[in-house]
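A short write-up of the structure that comes next.
The values are calculated or read from the model by the stated rules, or taken from the named source; none is laboratory data. From a predicted model like this one, the values you see are computed outputs, not experimental measurements. Cβ coordinates were reconstructed from backbone atoms using ideal geometry, including for glycine residues, and neighbour counts include every protein chain displayed. Heads up: the accessible areas ignore ligands, DNA and RNA and are worked out on the full protein's heavy atoms, side chains in. Shrake-Rupley method; radii C 1.70, N 1.55, O 1.52, S 1.80 Å.
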Amino acid sequence: MEFDLENPFTNLHESRSDTITSLFHIESDHMPLENYFQSLQTKGFDISVRREAISEISKFSCTFDPFLSYLAVNYLDRFLSSQGMLQPKPWVLRLLAISCVSLAAKMRETEFSLVDFQGDGGFIFDSQTIERMEALILGALKWRMRSITPFSFISYFISFFKLRDPPLRHSLKARAIEIIFKAQNEIKLLEFRPSIIAASALLSAAHELLPLQYPCFRKAISCCSYVNKENLLQCYNAMQDIVIDGYESVFDMVSSSVTPVNVLDQHFSSSESGKTNGNITTNTIRAETDMKRRKIIDHYDNLTVQIPRIQQC
């Protein structure tokens with residue numbers, strides 16, 4: 001049976017309430033160990049190893065659905081947290097990435113060939129070598145391959161919103177899933193449980209799409225007995241930084257079109273920069289960043305208030 005990240009359990013006879021309780025009870029078993037986040041925070045070397053391994057996973061899984069890539073990175077983080085950081089040798093990272101993607105593809109029952117993974121040249125591994133690495137990963141993960149991820153909690157938390165408009169419900173869920181995908185590479189979120197990440201992603205999506213109802217949604221989720229309010233606030237704030245950064249990149253692309261005025265602005269900016277030897281104060285940079293973020297937030301607030309059929313709490 002194909003592994004569905006939104007429904008990780010196979011026991012269809014278990015009641016919904018028992019399933020939810022079980023998800024919250026065992027979700028920590030599918031997270032990296034606690035010291036993993038601290039290790040990445042304090043050691044730049046560890047961050048670079050993880051970043052390179054994720055880059056390899058993205059390259060190998062780019063033709064598959066994004067849930068497969070997410071699952072592979074989950075295996076990667078759990079493996080590295082239990083085994084320690086590997087030597088930053090290209091062939092080691094490549095073998096680890098291929099093995100994580102291979103295991104995720106098998107869980108998702110996705111047809112693939114090792115040639116698909118290794119067709120770009122570089123280091124070539126035979127099937128026996130990859131299978132040995134897979135066995136090492138399986139042992140480190142204690143064969144817990146049906147990972148409990150934020151996607152497992154999306155349907156539960158979205159039920160708190162009591163949305164009567166199916167298209168709006170679908171849009172909210174789709175945006176939350178998009179945020180979860182984007183947030184996986186951020187090390188600041190590795191310390192939070194999958195359920196907290198799911199709740200934070202839904203609140204972030206609600207803040208964008210339904211700003212008038214957002215306070216009600218936040219109150220409803222905060223009152224959930226399974227949710228730690230302090231952790232929820234910390235995770236939500238960290239996620240907002242990620243979302244805003246994504247807006248900034250789009251905003252920069254839109255506002256960077258070449259016009260005569262922009263060319264003159266760049267010319268005079270370069271001249272002024274030359275006169276001051278390129279010395280730009282930190283306060284100026286921060287002020288420009290804050291101004292840009294305010295413009296982005298105002299822009300999206302203006303868009304979201306136009307969404308029809310806003311329902312009351």
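At a glance:
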item: Largest-first ordering by accessible area, 1.4 Å probe, given options ARG50, ARG218; result: ARG218, ARG50
item: Full-stretch length increase - LYS142, LEU233 - with 0.36 nm per residue and alpha-carbon distance subtracted; result: 29.6 nm
item: Charge context of ILE177, other residues only, Cβ under 15 angstrom, K/R +1, D/E -1; result: -1
item: Surface accessible to a 1.4 Å probe, LEU172 within the full protein complex, Å²; result: 0
item: FRET efficiency, 1/(1 + (r/R0)^6) with R0 35 Å, evaluated for ILE187 and LEU114 via beta carbons; result: 0.70
item: Accessible area in the full protein assembly, largest first, 1.4 Å probe, for GLU27, GLU2; result: GLU2, GLU27
item: Label-reachable residues, the range 193-232, where backbone N falls under 12 Å from a point 7 Å from ASP165's Cα toward its Cβ; result: 209-213
item: 25 Å Cα-Cα threshold exceeded, pairs from LYS59/LYS142; LYS43/LYS89; LYS142/LYS182; result: LYS59/LYS142; LYS142/LYS182
